[in-house]
Amino acid sequence: MNFNKLLFPYDKVRDIQEDLILKINESIIKGKNFIAHAPTGLGKTAAVLAPALKYALENEKTVFFLTSRHTQHKIAIETLAKIKNKYKEKFYGISIIGKKGLCLQSDIHKLYNSEFNDYCKTMRVDKKCEFYENLKTNEKLSTETKIALSELKIFNQITTENSLDISKKFNLCPYEISMLIAKNAKVIIGDYYYIFHQDIRNLLLNKINKELKNSIIIVDEAHNLPNRVKDLFTARLSNSMINRALSEAKKFKYDQIIHDLLNIEEILKELSNFKEDEQYINKELFIEKINNIRDYQELIEDFSFIGDAIREEQKQSYIGSIASFLESWLGNNEGFTRIISKKVNPKPIVILSYRCLDSSLATKEVIDEAHSTIMMSGTLTPTSMYNELLGFNNPIEETYKSPFPDKNRLNIIIPKTTTKYEFRNQKQYQDIATILANIVNIVPGNSAVFFPSYYLRDSIYKEFNELCKKTLFIEHPNLSKTEKHKLLEKFKSYKNSGAVLLGAISGSFGEGIDLPGDFLKAVVIVGLPLTKPDLESNALIDYYDKKFGKGWDYGYLFPAFNKSLQSAGRCIRSESDKGVVIFLDERYTWKNYYRCFPSSWNLKISLLYERLINEFFSKKI
Ligand code: SF4
């Protein structure tokens, strides 16, 4: 196959990559869908963008490359630039981040996304946003807008930074400028919600004059898609939101709703009068309780009206957010669950939530209508689960092997110790700490250890600290981007003497960091991140049992197991990387869990881990 015909930007195509490109090409030509488990190093971005772009150019289609990671925006843009330079094709792509990230108004970061949308709408309708007003003169594009657009078109490909810089220069709204550019773009790089949120999609496609049926949808890191979509359709109401709404009502003198807010707070209190941490709650019960104080619909209308008025003054309105929640609560029961939960942190918090269980409610219509949808990730096993969860109809599925040489990687399961809840005790922690210290002390460089929770990490830390001979780095929850970056840079500087990073599987470093080359030599996954199923997990298990007969796997086991695999993937990021991945928990050898490992992983189950590690690192590659 001549890959130049498919606009492939590099001179060499790797073996496994060749099959990936051909399958993607075939899927797009036939208008079919494709799910690919494609591990790091396969060159997924070039493999998918080249054939998709080729088809789009020849058949008047548009490619949407969807990703939740900013680093991926950059990689996609660079790939497109290489294609353009090599083949001199006339096209451009644009990277668009969320509207809030593009907004030039001040203090926007304080707003939640949903509040921001209402704020922006009010600013536009009331003609209060100068950046929006500057876009047009007498309903036609202003001179500034025309100059900004022509300056942007000079770039090979258009990054978010380009749109921001040029828009700032001319005092124009960068989001609207990006939309004008996107009208003629062949590739649009953005977050999942631009396509998978129905309202946002309709708005976007309308604005840029494109149609879903003429679109090729590429979803990168697609293992995140089911949860991201479910989050988009989940709504919450808490007593702290009500308290803030009360302060807002007082500040803006909407005394007439103070009584209503106090009543809603009282209803939450009444409904949370149970012993456990959470309970399912009936849709009608909450509506009935509200109707006893005020007509439900009337309340929504009043709160929405007041929320809009407040947003004109201070961008954000909790009263408006409560109106949105009340509206969402009226939604369907099918595919959703309703839970009321409480905790003390340090004050008592009660949360009423309407949670989406079924991502296919949003993804299926996109998959059915788009010309072709390609889902890719390094952790997309089993592909059949994503096929069912996302509502595909007979897609092409493929599970690729890592392209890196097997000899560069040692995968070990140590069948000793467990983090299973009923066996957690001091002796267990001591045993885990001893094994961990034995491992990291002989690894010639940096190691990262991921625990199922910060609580477990901290419980094992004391013993481990005494035995570990290397410098320790502790990951704290909710690190800012800058803090994360600083910590990683410092950690990397220990690559010769060796340091140990202690984090949580679902924390800042379990997914989304790259430590290539000599920066990371070993990753240890302690235990399985299986928490006691909460009500949402139970609802998911029930729902998927009824729908696919696979409730436990889809609702509980596979998502947790994939988190372990994601963390394990931090170690080997390039062809020449050499590293050890260790799973420390006897349950990893149990049949029910062992089957969740990708079949191509050459796993060694051994208690002689020290010998294996020493032998592995003493061999030259
Ligand atoms: S129109 Fe643009 S600049 Fe104005 S508030 Fe909305 S996003 Fe911000």
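The values are calculated or read from the model by the stated rules, or taken from the named source; none is laboratory data. None of the values given here were measured: they were computed from a predicted structure. Cβ placement follows ideal geometry from the backbone for every residue including glycine, while neighbour counts extend to all protein chains displayed. To get the accessible areas, we keep the full protein, side chains included, count just its heavy atoms, and leave off ligands, DNA and RNA. Shrake-Rupley method; radii C 1.70, N 1.55, O 1.52, S 1.80 Å.
Tell me, please, whether a residue that is in a helix (DSSP H, G or I) and in contact with an Asp or Glu (Cβ under 9 Å, 6 or more places away or on another chain) can be found in the stretch 574-588. Walk me through it before giving the result.
Within the stretch 574-588, the first condition is being in a helix (DSSP H, G or I), and the residues that meet it are 586-588.
Okay, now just the ones that are also in contact with an Asp or Glu (Cβ under 9 Å, 6 or more places away or on another chain), so none.
So far as the stretch 574-588 goes, no, none of its residues is in a helix (DSSP H, G or I) and in contact with an Asp or Glu (Cβ under 9 Å, 6 or more places away or on another chain).
Give just the number: which of (1) within 10 Å of the ligand (Cβ to nearest atom); (2) surrounded by 16 or more Cβ atoms within 10 Å (Cβ to Cβ) does I83 not satisfy?
All conditions pass for I83, except number (1).
Restricting to the stretch 143-169, name every residue that is of a type in the set (V, I, T) and free of Cβ contacts under 8 Å to residues at least 12 places away in the same chain.
Hits for the stretch 143-169 are T143, I154.
Taking interchain pairs and intrachain pairs at least six residues apart, which have beta carbon atoms under 7 angstrom, with the first residue in the stretch 318-330 and surrounded by fewer than 18 Cβ atoms within 10 Å (Cβ to Cβ) and the second outside any helix (DSSP H, G or I) and hydrophobic (A, V, I, L, M, F, W, C)?
Every condition considered, the pairs that remain are S328/A235.
Would you mind finding the one in L66, L42 that is under 17 Å from A182 (Cβ atoms), away from the ligand (no atom under 16 Å from the Cβ) and either crowded, with 24+ Cβ neighbours inside 10 Å or not β-branched (V, I, T) (or both)?
L66
Filter the stretch 205-219 down to residues that are open to solvent by 20 Å² or more (accessible area, probe 1.4 Å) and without any contact (Cβ under 8 Å) to a residue 24 or more places away in the chain and give me whichever is nearest to the ligand (Cβ to nearest atom). Show your work before the answer.
So the first thing to find is which residues in the stretch 205-219 are open to solvent by 20 Å² or more (accessible area, probe 1.4 Å), and the list is 206-207, 209-211, 213-214.
Subsequent filtering for residues that are without any contact (Cβ under 8 Å) to a residue 24 or more places away in the chain retains 206, 211.
Working: N206: 16, E211: 25 Å.
Going through the qualifying residues, I end up with N206.
In the stretch 331-357, how many residues are within 26 Å of L390 (Cβ to Cβ) and in a loop (DSSP other than H, G, I, E, B)?
Counting residues in the stretch 331-357 that are within 26 Å of L390 (Cβ to Cβ) and in a loop (DSSP other than H, G, I, E, B) gives 6.
Before we move on, is D118 surrounded by 14 or more Cβ atoms within 10 Å (Cβ to Cβ) and either closer than 30 Å to K82 by Cα or in contact (Cβ under 8 Å) with a residue 24 or more places away in the chain (or both)?
Answer is yes for this residue.
When only residues in the stretch 100-144 that are of a type in the set (S, T, Y) and within 13 Å of the ligand (Cβ to nearest atom) count, which is farthest from L203 (Cα to Cα)?
Of the residues in the stretch 100-144, the ones of a type in the set (S, T, Y) are 106, 112, 114, 119, 122, 132, 137, 142-143.
Now drop any that are not within 13 Å of the ligand (Cβ to nearest atom), which leaves 106, 119, 122, 132.
Details: S106: 24, Y119: 17, T122: 16, Y132: 17 Å.
Ranking the qualifying residues of the stretch 100-144, first place goes to S106.
Write out, first by first residue and then by second, each pair whose Cβ atoms fall under 8 Å of each other, whose residues are 6+ apart or on separate chains, and whose first residue, in the stretch 95-115, is within 14 Å of C173 (Cβ to Cβ) and open to solvent by 40 Å² or more (accessible area, probe 1.4 Å) while the second is β-branched (V, I, T) and within 12 Å of the ligand (Cβ to nearest atom).
Hits for this filter: K100/I108.
Go through (1) within 14 Å of the ligand (Cβ to nearest atom); (2) farther than 22 Å from I77 by Cα; (3) open to solvent by 20 Å² or more (accessible area, probe 1.4 Å) for N202 and report which single condition fails.
(1)
Which numbered condition in (1) more than 14 Å from the ligand (Cβ to nearest atom); (2) buried (at least 20 other Cβ atoms within 10 Å of the Cβ) is the only one that A148 fails?
Against the list (1) more than 14 Å from the ligand (Cβ to nearest atom); (2) buried (at least 20 other Cβ atoms within 10 Å of the Cβ), A148 comes up short only on (1).
Scan the stretch 263-276 and report the pairs whose first residue is on the phi < 0 side of the Ramachandran plot and whose second residue is at pLDDT 95 or above and loosely packed, with under 13 Cβ neighbours inside 10 Å, with Cβ atoms within less than 7 Å and a gap of 6+ or a chain change.
Listed pairs, sorted by first residue: none to list.
Determine the pairs where a residue that is polar (S, T, N, Q), located within the stretch 170-185, has a partner that is more than 8 Å from the ligand (Cβ to nearest atom) and part of a loop (DSSP other than H, G, I, E, B) with Cβ atoms under 8 Å apart, the partner being 6 or more residues away or on another chain.
Pairs that qualify, where the first residue is polar (S, T, N, Q) and the partner is more than 8 Å from the ligand (Cβ to nearest atom) and part of a loop (DSSP other than H, G, I, E, B), are N171/N134; S178/I96; N184/Y92.
Tally up the residues in the stretch 430-457 that are more than 18 Å from S567 (Cβ to Cβ) and open to solvent by 20 Å² or more (accessible area, probe 1.4 Å), please.
The number of residues fulfilling the criteria is 7.
Restricting to the stretch 361-381, and then to whatever is in a loop (DSSP other than H, G, I, E, B) and within 19 Å of the chain's Cα centre (by Cα), can you tell me which residue is farthest from Q72 (Cα to Cα)?
Within the stretch 361-381, the first condition is being in a loop (DSSP other than H, G, I, E, B), and the residues that meet it are 370-371, 378-381.
Next, from what is left, pick out any that are within 19 Å of the chain's Cα centre (by Cα): 378-381.
On the way: G378: 14, T379: 16, L380: 18, T381: 21 Å.
Once the filter is applied, the top-ranked residue is T381.
Please identify the pairs in which a residue from the stretch 127-142 that is under 10 Å from N171 (Cα atoms) has its Cβ atom under 9 Å from the Cβ atom of a residue that is away from the ligand (no atom under 12 Å from the Cβ) and not polar (S, T, N, Q), counting only partners at least 6 apart or on another chain.
N134/E144; N134/F170; L135/L141; L135/E144; L135/L180
If the requirement is being under 30 Å from D220 (Cα atoms), of a type in the set (D, E) and more than 16 Å from the ligand (Cβ to nearest atom), which of these qualifies: E161, E176?
Working: E176 fails: more than 16 Å from the ligand (Cβ to nearest atom).
E161 is the lone residue from the list that is under 30 Å from D220 (Cα atoms), of a type in the set (D, E) and more than 16 Å from the ligand (Cβ to nearest atom).
Would you confirm, using the coordinates I've provided, whether K74 is of a type in the set (K, R) and away from the ligand (no atom under 12 Å from the Cβ)? It would help to see each step written out before you state the result.
Numbers: of a type in the set (K, R): yes; away from the ligand (no atom under 12 Å from the Cβ): yes.
Taking the combined requirement at face value, the residue satisfies it.
Yes/no per residue for (1) open to solvent by less than 40 Å² (accessible area, probe 1.4 Å); (2) in contact with a strand residue (DSSP E or B) (Cβ under 7 Å, 6 or more places away or on another chain):
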| residue | (1), (2) |
| --- | --- |
| N345 | no, no |
| S359 | yes, no |
| I374 | yes, yes |
| T419 | yes, yes |
